[in-house]
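Report on the following structure.
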Amino acid sequence: MLVSGFVGWFKKDVMLDSDRYWDCLDQAVQASTGGRTDEALAWIDEALKHNPEGAEALNGRGEILWEQGRLEPALREFDRAAEMAPEFFPAQLNRIELLIEEFQEQDEALDRADEMLGRSLEGGIEAEVYYLKAKAFFYLDDLEGALFLLRRALQVQGEVGVYRGFEGQVLFELGQFGPALRSLEKSDALEPEVGHTLYHLALVHEHQGEFLLAESFFERAAALQPALYPMPVRMPSQGFDEAARAAVDELPDRIRQYIANCPILIQDLPAEQLVRHENLSPQILGLFTGVPATEAGAAAAGGSAQPLDVDHVMLFKRNLEKVAGSVEELIEQVQITVRHEIGHYLGLGEEDLERLGLG
């Protein structure tokens, strides 16, 4: 998501008849609003002929290039805009978000955000920097840090729908489903019919056992943004059980002999207590619990069965249904998850699993 949007941040001083630069930017805004990006880029090029150092034009071109997926050129335009006009903060914000969302350069993004916070910023810009820092912390798996920064943003700016929606997402990932629901409902009241908010409302209601209500939110999110929030692929319990058994049956004989004492259990979703106490994502697909077969104290292959609460693999049916685009993909994902968790039972770490294509 672009921080600013070419149209939203475009500002124009009092325009003189001879001020061709601003006139060209006016035309670029109109073309961009109408979805005519090539025309918009042409007008920006014309504007830059009249003011080669125009930060507004450079930033606008960067935003259009970002929308087109041309990430490196977009970053260069934001860098140029920031160099030409260090106090033109939209380019600074766009550059930070591009680093976070597209390049996964969280540390560099945080450094640039801190540089901005060292200046005197108006409230809206300061809040946006805190919001972007929260995103970087989220991607670095520092959920508590992300939550703190989001609340700083809300303290500075007041109620903003996107901030409350992100707060709800972070609280959900922390397993705090009640507070997450309250934040998401505030977000929905502030900015109705936002795909991100509706989808996370679905996730929270699902974890609270309100499956029919959750499904209605999934449908609304999918109607708004089907590419980002496709509908879950539902499979009857019997079919899912059969897919899990087939995944085990397809394992090599030398592997299956080790898992006689490690049953595959199927649950709809991970329990709130498990999420919070084990610091797991509520969207986890599967989980091995117990002692890996390679460690001392594990049951020997073919030996007496361990209690179910010692060694077992759990598959979370409703989470798996959300990451598949079809029944065939769902069956494949069940197979991948079974192999992944059995790999943990056999003592393989995440790097080993990645190397074997089971990450």
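Checking the conditions here, which among 93, 98, 75, 71 is among the aliphatic types (A, V, I, L, M), in contact with a Ser or Thr (Cβ under 7 Å, 6 or more places away or on another chain), closer than 23 Å to residue 137 by Cα and at pLDDT 95 or above?
Criteria check complete, one pass: 93.
For every residue, the table says whether it meets (1) over 27 Å from the mean Cα position of the chain (by Cα); (2) assigned by TED's automatic domain parsing to the domain that holds residue 331.
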| residue | (1), (2) |
| --- | --- |
| 206 | no, no |
| 227 | no, no |
| 244 | yes, yes |
| 252 | yes, yes |
| 259 | yes, yes |
| 273 | no, yes |
| 279 | no, yes |
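Considering segment 303-340, and only residues there that are of a type in the set (D, E, K, R) and farther than 30 Å from residue 212 by Cα, the residue that is modelled with the highest pLDDT turns out to be 339. Got at least one residue in segment 46-69 being farther than 30 Å from residue 147 by Cβ and touching a Cys at 6+ places or on another chain (Cβ under 6 Å)? Yes, because at least one residue in segment 46-69 is farther than 30 Å from residue 147 by Cβ and touching a Cys at 6+ places or on another chain (Cβ under 6 Å).
Quick grid of which residues meet (1) surrounded by fewer than 19 Cβ atoms within 10 Å (Cβ to Cβ); (2) more than 18 Å from the chain's Cα centre (by Cα); (3) without any contact (Cβ under 8 Å) to a residue 24 or more places away in the chain:
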residue	(1), (2), (3)
96	no, no, no
127	no, yes, no
131	no, no, no
146	no, no, no
155	yes, yes, yes
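Might you check whether a residue that is acidic (Asp, Glu) and within 25 Å of the chain's Cα centre (by Cα) occurs anywhere in segment 68-75? Yes, the conditions are met somewhere in segment 68-75. Return the residues of segment 232-290 that are in contact (Cβ under 8 Å) with a residue 40 or more places away in the chain, buried (at least 16 other Cβ atoms within 10 Å of the Cβ) and in a strand (DSSP E or B); say none if nothing qualifies. Once the filter is applied, which keeps residues that are in contact (Cβ under 8 Å) with a residue 40 or more places away in the chain, buried (at least 16 other Cβ atoms within 10 Å of the Cβ) and in a strand (DSSP E or B), segment 232-290 yields 264, 266, 286, 287, 288.
The values are calculated or read from the model by the stated rules, or taken from the named source; none is laboratory data. From a predicted model like this one, the values you see are computed outputs, not experimental measurements. Glycine also receives a Cβ, built like all others from the backbone with ideal geometry; neighbour counts cover every protein chain displayed.
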